[in-house]
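The structure appears below as structure tokens.
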Amino acid sequence: MSDRHSAREFLALLTDDFTELPAEPPTASASSPADDGPIGWPGYGAARQRARQRTGEDESVVCGTAHIGATRAVVLCFEFGFLGGSIGERTGARIEAAHIHARRHRLPVLSLIATGGSRMQEGMRALAQLQRIVRQAALTRQAGLPQLAVLRDPATGGGWAVLGPSADVILALPNAQVGFAGSRVRPADADPSAYTAESQLAHGHIDAIVPLEALRDKLSHWLHLLTTPAAEPAEVPAALASPELPVTGWQAVTAARAAHRPRAVSYLDAYFDAREPVSGDRLGDTDPGLLCGFGSRSGVTIAYAAQTGSRTTPSGFRTASRLIRTADRLGIPVLTLIDTPGAANDAASERAGTAAAIAELFTTIAEVTIPMTTLLIGEGGSGGAMALASPSNTWATPDSYFAVIAPEAATSILKHPPGATPEVAEQLRLRPQDLLALGIIRGIALRITLFP
């Protein structure tokens with residue numbers, strides 16, 4: 001299904017007071033309707049003239065500034081009716097000018113993508129625009145400005161490759177055709193379902209699918225979140241369970257494993273007024289057991305990465321790394337919630353690079369400059385839990401534990417009988433009060449107050 005809206009119609013649906021940026025000066029390759037371009041493609045000038053008459057546009061992208069909700073942004077909107085939304089030299093020049101304007105005026109960038117890729121009638125001069133566009137996106141990223149992308153239908157070829165994945169947040173319309181290979185160039189026996197927004201979401205390449213009727217409000221919320229960072233570190237969430245501390249190590253373990261214990265979703269719901277998730281590691285996978293996103297609390301934004309009690313997969317660690325790096329670029333504090341028996345240790349996870357993904361997350365946290373706050377809300381199993389912990393601002397709830405290794409595994413390694421596990425748990429000193437005495441945590445979170 002093609003996106004039936006023109007660029008101007010799509011802009012009218014999503015924005016207020018759109019003001020088009022000045023068009024770039026005509027280049028030698030596209031200076032007149034009769035010009036056949038940089039490689040002399042027969043009939044190219046006439047094709048451009050027909051596209052102008054059909055669409056009312058003189059290029060495949062419309063660039064300007066507009067309000068989306070309360071936030072002003074630079075908006076790039078493709079006109080698919082103009083030579084299939086293909087990217088030529090003038091397209092690249094307009095996108096470059098739009099990014100320069102965004103950096104000069106400190107505005108976020110929103111790309112509304114509907115493109116078939118590079119314009120073959122301009123040959124390698126068109127393909128070279130991908131480098132030009134990526135450089136501009138990189139400079140805008142370095143400037144600490146948010147970038148969002150919406151994948152319309154279709155979003156294919158180099159346009160998708162450079163404008164989509166370079167964005168901090170990628171949304172898509174339902175059933176949109178999304179993929180590097182367009183429908184006319186992919187293998188004849190290719191599964192068409194692989195080239196859809198739904199497939200891209202399932203495999204960790206985009207963050208969400210949003211119906212058109214909800215897109216305006218969703219973009220408004222996202223732009224507000226990414227442009228209103230909290231000025232202070234994230235507050236430590238209040239504990240949601242009993243304030244009673246465990247007497248023994250094994251009591252700490254059983255309390256953390258209790259089925260009725262509050263989990264990450266309850267903590268996030270209690271902590272944030274509203275939140276938006278990000279999804280996937282951008283490498284082909286997702287981990288539903290690690291929730292990442294940005295949330296609003298008292299009008300300002302805090303990023304979050306929260307384990308939900310399952311074993312965290314390599315994709316989960318990489319998604320958390322992606323989130324924290326994005327938050328660092330945008331100056332947004334981060335809250336992490338730890339609750340995992342440990343990293344996933346099955347064969348598939350090993351093949352996907354568990355150790356490398358954990359190392360990446362450790363390194364990311366070591367390198368960022370934004371403040372991080374961590375609350376241990378349940379199980380803290382070995383390196384899979386420590387990878388998500390703030391080195392200097394980690395707290396624990398009374399119904400949690402943190403251990404160098406699970407008590408059962410320690411018992412097995414030490415060649416003790418299974419009945420010795422409670423004693424080993426005691427020796428591991430894994431209770432919240434033990435962690436405080438050892439200097440591993442800063443304090444214990446209670447329902448109302450915090451004490452160090």
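For region 264-300, a residue qualifies if it is without any contact (Cβ under 8 Å) to a residue 24 or more places away in the chain and within 21 Å of Ala445 (Cβ to Cβ), and exactly one does: Asp269.
Report, by residue number, each residue of region 147-161 that is β-branched (Val, Ile, Thr) and out of contact with any strand residue (DSSP E or B) (no Cβ under 8 Å at 6 or more places or on another chain).
If the condition is that a residue be β-branched (Val, Ile, Thr) and out of contact with any strand residue (DSSP E or B) (no Cβ under 8 Å at 6 or more places or on another chain), then no residue fits.
For region 340-372, name all the residues that are in contact with a Lys or Arg (Cβ under 8 Å, 6 or more places away or on another chain) and on the phi > 0 side of the Ramachandran plot. Within region 340-372, just Gly342 meets the criteria.
This table checks each residue for (1) closer than 20 Å to Ala252 by Cα; (2) within 21 Å of the chain's Cα centre (by Cα).
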{"site": "Tyr304", "(1), (2)": "no, yes"}
{"site": "Arg318", "(1), (2)": "no, yes"}
{"site": "Thr326", "(1), (2)": "no, yes"}
{"site": "Leu335", "(1), (2)": "no, yes"}
{"site": "Arg351", "(1), (2)": "no, no"}
{"site": "Ser382", "(1), (2)": "yes, no"}
{"site": "Ala396", "(1), (2)": "yes, no"}
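Assuming Ala303 fulfils every condition listed in (1) surrounded by fewer than 17 Cβ atoms within 10 Å (Cβ to Cβ); (2) within 30 Å of Ala143 (Cβ to Cβ) apart from one, which condition is it? Unmet for Ala303, out of (1) surrounded by fewer than 17 Cβ atoms within 10 Å (Cβ to Cβ); (2) within 30 Å of Ala143 (Cβ to Cβ): (1). Checked against the criterion of being at pLDDT below 95, out of contact with any helix residue (DSSP H, G or I) (no Cβ under 7 Å at 6 or more places or on another chain), more than 23 Å from Thr373 (Cα to Cα) and not in a loop (DSSP other than H, G, I, E, B), the candidates Ala194, Ala214 yield just one match: Ala194. Among the residues of region 11-65, those that are modelled with pLDDT of 90 or more, among the β-branched types (Val, Ile, Thr) and out of contact with any His (no Cβ under 7 Å at 6 or more places or on another chain) comprise Thr19, Thr55, Val61, Val62, Thr65.
Here Glu235 passes the criteria (1) more than 30 Å from Leu76 (Cβ to Cβ); (2) buried (at least 19 other Cβ atoms within 10 Å of the Cβ); (3) at pLDDT 95 or above; (4) touching a helix residue (DSSP H, G or I) at 6+ places or on another chain (Cβ under 9 Å) except the one numbered (2). Annotation note: Cβ proximity below 6 Å between a residue of region 301-326 that is in a helix (DSSP H, G or I) and a residue that is of a type in the set (Asp, Glu) (sequence gap 6+ or interchain) occurs for Ser315/Asp281; Ser315/Asp285; Ser315/Asp287; Gly316/Asp287; Arg318/Asp281; Thr319/Asp281; Ser321/Glu360; Thr326/Asp168.
Restricting Ser220, Ser296, Ser266 to residues that are among the hydroxyl-bearing types (Ser, Thr, Tyr) and not assigned by TED's automatic domain parsing to the domain that holds Ile444 narrows the list to Ser220. Only one entry in Ala425, Ala420 is surrounded by 24 or more Cβ atoms within 10 Å (Cβ to Cβ), among the small types (Gly, Ala, Ser) and assigned to a helix (DSSP H, G or I), namely Ala425.
The values are calculated or read from the model by the stated rules, or taken from the named source; none is laboratory data. Please read these numbers as outputs of a predicted model, since none were measured by experiment. Using ideal geometry, Cβ is built from the backbone for each residue, glycine included, and neighbour counts are taken over all protein chains shown.
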